[in-house]
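What follows is calculated from the coordinates using simple rules that are stated; it is not laboratory data. All values reported here derive from a predicted model rather than from experimental measurement. With ideal geometry, Cβ positions are generated from the backbone for all residues, glycine too; neighbour counts draw on all protein chains shown.
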Amino acid sequence: MTIRPPRALWVSFPLGRPLGNPNDSAFQREVISHALDLLRRPSGPVLEDFARDCSEQQAAPAVPACPIDFSTRPEKISDMEQLLANFDAEFNSFYTWYSMAREQNGRTAVGVSALSFDQLISLYRDFLMDREDSMLLAADGLADRLRLGAEDLKSCYFEALSAQPGQPTDAASLADWFWGKTLAAAVINEVRKKCLRLNTKEMDLAGKLLLVPRSQMHRFK
Amino acid sequence: MVRLKQFSEDERSHLLKLPCPVFETTPFVPPITPEQARIAVVSTAGLHRRADRPFAVGEAGYRLIPADVDHDDLIMSHVSTNFDRTGFQLDLNMVLPLDRLKEMEGESQIGSLAAYHYSFMGATDPRQMEDEARTLAALLKYDQVDAVLLVPV
């Protein structure tokens, strides 16, 4: 190892939330100030613990009170056409909230796949229904497109939920809600299973690692 | 990162198997005073502007983010699906705290904020990023940056 270490502040916050609390500028400032103060230390090693947990670790997360009832999601969905039709209806319910959220927030995280939502839903439909003549499946980089499409779909759903009053903002509740309650997650899981069946290097990687988080795989076993 | 005891057994076992490098004990740079320092942010969140190219699996490169970037112009194409993205969706400052650093610059708690900031995609083995990191270090020097706030996800 030819480099020497940076000064480091360890934080206890969930992976993906290194500044702790969303929309809490005082808390974020505290984290940054503590980290930058380490620059004054004359000698090392400097690996210090930040003393506070973020708010979601201090209180039990609220259960999402989603106004749309997904409790009818079947345990086993054997008919792919039915799943895709139900997903389409679910997506429409969320899209109206998503467009409101985008307007309210003045920003969106959607866009990494460079596909419109119509194209994205068609991509998944064509992929899962084995429509080999589909233009959407033809070009190179299909595994990447399937992965980035899943990211856009998740962003759409999470942003839609954020526009509804009284919804949770903690990482664990949101992940459990999406992967446990939505048909979008069921569709992504079907995409994952098909990627594994195709048995190419890119599809195998996507199926094993890039579509469903390790922490949520237990739902689909 | 959240405490190991808060992970599932599978996740904990995976993390404990990751290599953990041993460093010398000397700090990377001599001490400096934040109030006089020009600060840049380097994120590993796989962030980039919409017009830029998404990160690919195994990519070691970085993407450029100007200090005055519109929040709506930044998206995240990190290849890992295993970390929370909702924090970023709720508040860009959760992974790229430019607004907080601008406030601190305004209150003279840091010397100045750099003109450009950068994002890598943290799923790539850091050893493969060495060439890109050296290039970036030269660019940071050119921007007269004294210290970098490394923000991993």
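Using a Förster distance of 22 Å, how high is the FRET efficiency between A:Asn23 and B:Ala115, based on the Cβ-Cβ distance and rounded to 0.05?
0.25
P(r) for chain B: what percent of alpha-carbon pairs falls in each 10 Å bin, starting at zero?
Answer for chain B: a P(r) of 10, 35, 36, 18, 1 percent.
Counting C-alpha atoms alone, how compact is the protein assembly as shown: give Rg to one decimal and Dmax as a whole number, in angstrom.
Spelled out, the Cα radius of gyration and Dmax of the protein assembly as shown are 21.2, 65 Å.
Which FRET efficiency value, to the nearest 0.05, is calculated for A:Tyr95 and A:Arg41 with the Förster distance at 35 angstrom and r the Cβ-Cβ distance?
0.10
State the volume of the convex hull built on the alpha-carbon positions of the range A:8-58, expressed per residue in Å³ and rounded to an integer.
Dividing the Cα hull volume of the range A:8-58 by its residues yields 71 Å³.
With the Cα gyration tensor of chain A in hand, convert its eigenvalues to equivalent ellipsoid semi-axes via √(5λ) and list them largest first in whole Å.
Working through the eigenvalues yields semi-axes of 36, 23, 16 Å.
Taking GluC sites (Glu not before Pro) as candidate sites, keep only those in a DSSP loop with at most 11 other Cβ atoms within 10 Å, then name the longest stretch of chain A containing none of them.
A:133-221
On average, how many beta carbons from a partner chain sit within 10 Å of the beta carbon of a residue in B:136-149?
Across B:136-149, the average partner-chain Cβ count within 10 Å equals 1.
May I ask you to sort B:Ile110, B:Ile39 by Cβ crowding, counting other Cβ atoms within 10 Å and putting the fewest first?
B:Ile39, B:Ile110
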